[in-house]
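*Asks:* Shown below is the structure under consideration.
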Amino acid sequence: MKLQQLRYIWEVAHHELNVSATAQSLFTSQPGISKQIRLLEDELGVEIFARNGKHLTEVTAVGKTIIERAGDILRKVESIKQVAQEFSSERSGSLSVATTHTQARYALPDVIGEFINKYPDVSLHMHQGSPIQIAEMAANGQVDFAIATEGLDLFGDLVMLPCYTWNRCIVVPKDHPLTQLTALSLEEVARYPIVTYVFGFTGRSKLDDAFAQRGVEPKVVFTATDADVIKTYVRLGLGIGIIAQMAFDQEQDDDLVALDASHLFEPSTTMIGCRKGTFLRRYMHEFIALFAPHLSTELVDQAFAANSRMEMEALFSDIQLPER
């Protein structure tokens, strides 16, 4: 069994079983990949891929387990390389972060600016997607960090570090009737068409839970992943907006009014997730500390050493998270 063979089956599985595309991405030949996969299958005595003629059609049941283990091995190999890089150069390398629009637009700019000033020789890459896509990228090793509010807990192989809590506001035009109320309620909010986040984005589940617990049916007429898009449609009169409080800018949104809704919804917690077994280089620790100053190197290392999700969560039980 060769490391190269494990790389081939992993890459083929993640290129939709397209051997030709895999060969292009690895700068090698298609016949060479096919031959090495066959040699590995012969050695193991099982088929990793089912075939129709020369074409791979699906991953077999045992193949799924083998590919998963291959991924673990490849990640450990990459971690060994990172250890060597850490000792050869502590201030250069690359860092990839997957996150949602809200985090990229409102929570990360200052952090990234400071990080780049401090580590100009680190190449920083940002990927955006849904919380599930983001968590999957981190779990598969495509990115170093995943930053999101929802979805990360679905992946048991991620170390999840709590960064800050936040809540929502109701965004309306200045002359809207809701601005005249002394006490905002879910019942009053539900009287109007609502423009808010797509389910699964930016703490949307807490919003839906609050209405359900009150037995109120909200009139959600438009959803988007981008708070700026939501505010645009509020301006067009499509409905009232429910967005993260941090996504309202007093200067840029001076034609709108943000009504505090923290008493209507449970606060949400934004997390930074990282694959277990990842070797955190010094600048990776620094990025975490810039984004969440309470996450010291020692505390992060303890979280990575935890044996269970419960043990990990216990580390942060007494920490008062900052609010945004």
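*Asks:* Can you tell me which residues in segment 162-185 are touching a helix residue (DSSP H, G or I) at 6+ places or on another chain (Cβ under 8 Å) and either closer than 20 Å to residue 231 by Cβ or modelled with pLDDT under 95 (or both)?
*Replies:* The answer is 166, 167, 168, 169, 170, 171, 172, 173, 178, 181, 184.
*Asks:* Residue under question is residue 112, and the condition is that it be over 21 Å from the mean Cα position of the chain (by Cα) and part of a helix (DSSP H, G or I); does it hold?
*Replies:* Criteria not met by residue 112.
*Asks:* Would it be correct to say that residue 102 is in a helix (DSSP H, G or I) and more than 30 Å from residue 243 (Cα to Cα)?
*Replies:* Here the answer is no, as residue 102 does not meet what is asked.
*Asks:* Another one. Taking segment 224-241 on its own, how many of its residues are under 16 Å from residue 167 (Cα atoms) and modelled with pLDDT of 95 or more?
*Replies:* Adding up the residues that qualify gives 1.
*Asks:* Test residue 221 against the criterion of being of a type outside the set (Lys, Arg), open to solvent by less than 30 Å² (accessible area, probe 1.4 Å), closer than 19 Å to residue 177 by Cβ and in contact with a Gly (Cβ under 6 Å, 6 or more places away or on another chain), and give yes or no.
*Replies:* Taking the combined requirement at face value, the residue does not satisfy it.
*Asks:* Before we move on, is residue 261 farther than 15 Å from residue 173 by Cβ and within 22 Å of the chain's Cα centre (by Cα)?
*Replies:* Judged against the criteria, residue 261 is not a match.
*Asks:* Can you pull out the residues in segment 248-269 that are more than 15 Å from residue 206 (Cβ to Cβ) and outside any loop (DSSP other than H, G, I, E, B)?
*Replies:* Passing the criteria: 256, 257, 258, 259, 260.
*Asks:* Take residue 77 and decide whether it is among the hydrophobic types (A, V, I, L, M, F, W, C), touching a Leu at 6+ places or on another chain (Cβ under 7 Å) and open to solvent by 30 Å² or more (accessible area, probe 1.4 Å).
*Replies:* The answer is yes for residue 77.
*Asks:* I need a count of the residues in segment 274-317 that are open to solvent by 50 Å² or more (accessible area, probe 1.4 Å), small (Gly, Ala, Ser) and outside any loop (DSSP other than H, G, I, E, B).
*Replies:* 2
*Asks:* Within segment 139-150, how many residues are crowded, with 21+ Cβ neighbours inside 10 Å and over 10 Å from residue 274 (Cα atoms)?
*Replies:* Counting residues in segment 139-150 that are crowded, with 21+ Cβ neighbours inside 10 Å and over 10 Å from residue 274 (Cα atoms) gives 3.
*Asks:* Still on this structure, please answer the following. Of all residues in segment 45-62, count the ones that are open to solvent by less than 90 Å² (accessible area, probe 1.4 Å) and without any contact (Cβ under 8 Å) to a residue 24 or more places away in the chain.
*Replies:* Of the residues in that region, 8 qualify.
*Asks:* A further question on this structure: Being under 29 Å from residue 290 (Cα atoms), surrounded by fewer than 18 Cβ atoms within 10 Å (Cβ to Cβ) and within 25 Å of the chain's Cα centre (by Cα) narrows it down to one of 157, 226, 208, so name that one.
*Replies:* 157
*Asks:* Name the residue that is nearest to the chain's Cα centre (by Cα), counting only residues in segment 2-27 that are on the phi > 0 side of the Ramachandran plot and open to solvent by 50 Å² or more (accessible area, probe 1.4 Å).
*Replies:* Filtering first and then ranking leaves 16.
*Asks:* What pairs come up if the first residue lies in segment 300-324 and is among the acidic types (Asp, Glu), the second is open to solvent by less than 100 Å² (accessible area, probe 1.4 Å), and their beta carbons are under 7 Å apart, counting only those six or more places apart or on different chains?
*Replies:* Going by the 7 Å Cβ cut-off, the qualifying pairs are 323/164; 323/165; 323/166.
*Asks:* I'm trying to understand the selection: among the residues of segment 2-32, which are farther than 22 Å from residue 141 by Cα and either in contact with an Asp or Glu (Cβ under 6 Å, 6 or more places away or on another chain) or part of a helix (DSSP H, G or I) (or both)?
*Replies:* 20, 30, 31, 32
This table checks each residue for (1) of a type outside the set (Ser, Thr, Tyr); (2) open to solvent by 60 Å² or more (accessible area, probe 1.4 Å); (3) modelled with pLDDT under 85.
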residue: 81; (1), (2), (3): yes, yes, yes
residue: 100; (1), (2), (3): no, no, no
residue: 108; (1), (2), (3): yes, no, no
residue: 113; (1), (2), (3): yes, no, no
residue: 116; (1), (2), (3): yes, yes, no
residue: 127; (1), (2), (3): yes, yes, no
residue: 133; (1), (2), (3): yes, yes, no
residue: 137; (1), (2), (3): yes, no, no
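The values are calculated or read from the model by the stated rules, or taken from the named source; none is laboratory data. This one's a predicted model, so the numbers in the text were calculated from it and none came from an experiment. As a convention, Cβ positions derive from the backbone with ideal geometry for all residues, glycine included, and neighbour counts pool all protein chains shown. The protein model used for the area step is the full one, side chains on, heavy atoms only, and it has no ligands, DNA or RNA in it. Shrake-Rupley method; radii C 1.70, N 1.55, O 1.52, S 1.80 Å.
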